[in-house]
Amino acid sequence: MAGVSIACLSCGASLRLADASLIGKRVKCPKCGARFLLTIPQSVPAEPEEVPLELVDPVVPITRPMLGTSPRWVPDAPVPVIPQAPVAPPNSKSSGLTDPDLQNFFISDTQPEITATSFAIPGFVPTPEATFGSVIDRVKRRRNTSLNKSILASITVALIGTIVCSIWFLRQQGDLAVPRPAIQPNIAYQESIAAQAASNDDVKALSPTSGKPIPVDYLPFTPQVMCHMHPAELWRKDRNTAEFQAVLSTLGIWLREQIRTRTRFEPEEISELTFAINFGPRMSAPDVAAVVRLTSAQTDQEFMQRFKGRIYADPKVELYEAPDFSYLKIDDRTFAVAPSSMSDSLAMSIKDPALISSDMALLVQQSDRERHLSLVFDVKIMDSHREDAFTTQMQTLADKFLFWFGEDVQTVSWSIHLEPNLYMETLLHQTQASTPAKLQRFSQLKLSQLPDEILKGVRMMRPSTAGSRAMIGRFPAMIKALEIGTTAHVDPVGVRLVTLLPQHASANLAAGALLTWNQALLTNFDDHSHLSKTDSSKIPDKVADRLKLKVLIDFRATPLQEALSYIGDSIKTEISIDGDALKAAGFTQNMPQTYDLGNVSALKAIDSIFQKYAGERDPMVLVVDHAGKKLLFSTVSKAKSDGLTTFETKE
């Protein structure tokens with residue numbers, strides 16, 4: 001039997017019998033590990049022994065895969081399918097196979113195909129090579145699973161992206177096919193903006209002048225305060241200007257002296273004069289320069305005779321250096337003046353004009369050089385240098401003046417023109433923390449509060465003369481008239497305040513402001529002792545007794561409501577006007593009142609107003625609310641219909 005080959009009943013491997021004595025014994029296939037009985041046509045022993053067989057074809061051992069940095073997957077060798085040998089059922093006697101282990105090899109037609117990974121042989125112990133091969137298989141299967149998951153995820157993302165893009169494309173096509181509704185504009189907002197612009201244009205058209213902006217040439221430094229004026233017109237021999245000069249009193253005298261000292265010319269000889277101030281370092285005197293434009297041409301001899309200074313070293317520049325000031329000649333009508341220490345800067349100003357801050361530049365561009373007087377200044381810079389700009393005596397008033405502008409105002413441009421009526425224009429440029437609309441509300445509120453603030457200050461004053469007391473006493477009413485005659489408009493640079501008053505109001509305002517300012521310098525506003533005593537001793541409790549108090553009456557075209565407000569403030573009694581009643585009778589609250597009665601009782605002042613309109617079809621009457629301590633102005637018919645009792649005004 002030597003050299004006989006036998007096929008394995010499980011894997012079909014070719015096995016070679018080394019010895020014929022193995023026939024009839026139970027053997028194990030060294031390739032697949034399957035156990036089977038080696039038979040030939042003869043009886044099978046009851047208890048066969050297991051003996052090892054030797055394969056005809058040598059088995060190639062499984063080697064450990066080499067590890068590297070760039071692994072790639074190599075498919076495994078196909079797993080051999082276990083052939084199903086045509087064996088008889090377990091109870092068949094023809095087969096002669098009775099070993100229970102051989103029953104594991106009988107597979108019915110309905111069972112699933114057995115693979116190498118699911119097939120197990122009882123009692124089989126795998127070799128190390130087989131164990132390592134199983135680990136490699138598991139790793140490869142995990143890799144395959146991870147790869148499959150990655151591929152599936154990529155396919156899913158691509159599919160979702162395709163769907164989204166398709167939906168977007170279809171939506172866009174739909175949007176193109178059906179036009180979107182247009183965005184509805186805010187009609188109310190646009191109308192308000194248009195109304196503001198129209199209002200600003202209308203009030204600008206009221207200006208009596210239409211000149212170019214104030215020039216800033218030939219200044220040796222950056223101006224932080226600018227004052228532009230027409231001295232020849234302000235000092236001409238005219239009734240209006242003469243009255244204006246007279247009420248300026250000491251201020252007018254000081255201003256004339258400053259013009260004469262710095263320019264070497266009289267105010268009547270100067271057509272335009274621009275003063276500029278730069279504060280420089282803190283705790284130092286500010287620098288003052290000026291540009292002068294004369295009414296008539298001057299020769300070189302006349303300039304040299306007036307300036308009396310040595311010629312500047314640079315022959316290209318005609319500059320005269322006097323001990324106190326340096327003078328730069330521009331042409332036969334124009335020259336600039338600055339402190340003698342600034343000769344070099346003044347000479348350079350011909351080619352290199354001084355720069356102006358952006359906040360100041362906005363207002364300078366809106367200025368009008370034809371106005372009689374213009375003033376432009378930076379509030380914040382003046383506030384930081386108020387110790388240098390104002391004397392110690394004026395510090396308290398300077399603080400109140402600058403504090404009045406608050407945190408919303410950065411720069412201010414104020415101008416006045418005296419003809420044909422009093423025209424005042426104030427431009428307020430906001431800080432970065434504010435807006436034009438906010439600044440408009442702020443300015444209107446501050447203007448409405450100004451008369452009361454002035455009145456509180458005036459009550460603290462004790463003028464020495466009767467004329468000063470009369471003028472200062474009327475000053476709060478003047479400020480009230482100023483507030484009534486002022487309108488606020490939103491401008492691209494900020495807020496524009498325009499005031500229109502009768503021509504003679506300029507003199508009254510100037511006199512009242514100057515006298516009040518001078519008296520304020522002498523008043524201790526921290527002392528309230530005399531004020532409390534006066535209030536408690538002078539103001540009676542009953543309204544009828546308050547009407548007997550003396551009031552200084554000097555109204556000049558004062559509106560009715562302003563006149564009554566002044567009387568009520570003087571006797572500390574609220575006076576209200578029934579506007580509907582007056583309107584029905586043909587009266588208005590702005591009817592001008594002109595009376596120079598002197599010191600009379602409040603009742604006498606009211607009766608004088610009533611007598612003026614006593615001949616009307618429905619005269620005015622006074623109603624006293626004793627319980628509420630108030631006064632009401634109404635008409636005869638309206639008081640009767642309301643069941644009110646009128647108060648007799650004749651003394």
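Since every read-out is calculated from the coordinates, none of them should be taken as a lab result. A quick note: this is a predicted structure, and the numbers were derived from the prediction, not measured. We place every Cβ from the backbone using ideal geometry, glycine too, and count neighbours over all the protein chains shown.
Counting other Cβ atoms within 10 Å of each Cβ, which trypsin sites (Lys or Arg not before Pro) in the stretch 551-598 have at most 15 and sit in a DSSP loop?
Lys572
Calculate, in nm to one decimal, what Gln449 and Lys351 gain on full extension: separation in residues at 0.36 nm each, minus their alpha carbon distance.
Extra length available between Gln449 and Lys351 comes to 30.5 nm.
Return the long-range amide H neighbours of Gln410 (sequence gap of 5 or more, or a different chain), with a cut-off of under 5 Å between placed amide H atoms.
Sorted by chain and number, the residues that satisfy this are His429, Gln430, Thr431.
Of Val543, Tyr613, Ile567, which is farthest on the positive side of the dipole of the stretch 539-647, counting Cα position, with +1 on Lys and Arg Cβ, -1 on Asp and Glu Cβ, and the Cα centre as origin?
Val543
Evaluate the Debye formula for the stretch 209-359 with equal point scatterers sitting on the alpha carbons, no solvent, and hand back log10 of I(q)/I(0) at q = 0.19 Å⁻¹, in q order, two decimals.
The Cα Debye sum returns log10 ratios of -1.24.
Using θ = phi - 60° and the Karplus relation 6.51 cos²θ - 1.76 cosθ + 1.60, list the HN-Hα couplings for the stretch 637-644 in order, rounded to whole Hz, with x at every Gly or Pro.
5, 5, 5, 5, 5, 8, x, 9
Rounding to the nearest 20 debye, state how big the charge dipole of the stretch 327-371 is about its Cα centre with +1 on each Lys and Arg Cβ and -1 on each Asp and Glu Cβ.
For the stretch 327-371, the charge dipole is close to 80 debye.
Name the lysines eligible as straight-distance cross-link partners of Lys351: C-alpha to C-alpha under 20 Å, and not fewer than 8 places from it in the same chain.
Lys316, Lys329
Which of Ala276, Ser210, Thr435 sits closest to the plus end of the dipole of the stretch 200-521, meaning its Cα is farthest towards the positive end, when Lys and Arg get +1 and Asp and Glu get -1 on the C-beta?
Thr435
Collect residues whose amide H, placed 1.01 Å from N in the peptide plane, falls under 5 Å from the amide H of Arg556; neighbours closer than 5 in sequence don't count.
When sequence neighbours closer than 5 places are left aside, the close amide H contacts are Tyr595.
Grab the beta carbon distance between Lys456 and Ser166, set R0 = 45 Å, and tell me the FRET efficiency rounded to 0.05.
Efficiency, from the Cβ-Cβ distance: 0.05.
Rank these for me by crowding, Leu251, Leu582, Leu346, going from fewest to most other beta carbons within 10 Å.
Fewest-to-most Cβ neighbours within 10 Å comes out as Leu251, Leu582, Leu346.
Toward the positive end of the charge dipole of the stretch 400-543, about the Cα centre and with charges on Cβ (Lys, Arg +1; Asp, Glu -1), which of Ala507, Met471, Ala481 goes farthest?
Going by the charge dipole, the pick is Met471.
Treating cross-link reach as a plain straight distance, find the lysines whose alpha-carbon is under 20 Å from the alpha-carbon of Lys438, omitting any fewer than eight places away in the same chain.
The qualifying lysines are Lys380, Lys446.
Quick one: which residues, 5+ away or cross-chain, put their amide H under 5 Å from the amide H of Val621? H built at 1.01 Å from N.
Amide H neighbours of Val621: Ser634, Thr635, Val636.
Which lysines have a Cα less than 17 Å from the Cα of Lys204, not counting those fewer than 8 places away in the same chain?
Lys212
For the stretch 570-578, in order, what is each residue's ³J(HN,Hα) by Karplus, 6.51 cos²θ - 1.76 cosθ + 1.60 with θ = phi - 60°, in whole Hz (x at glycine and Pro)?
Computed from phi, the couplings for the stretch 570-578 are 5, 9, 6, 9, 6, 10, 10, 10, 7 Hz.
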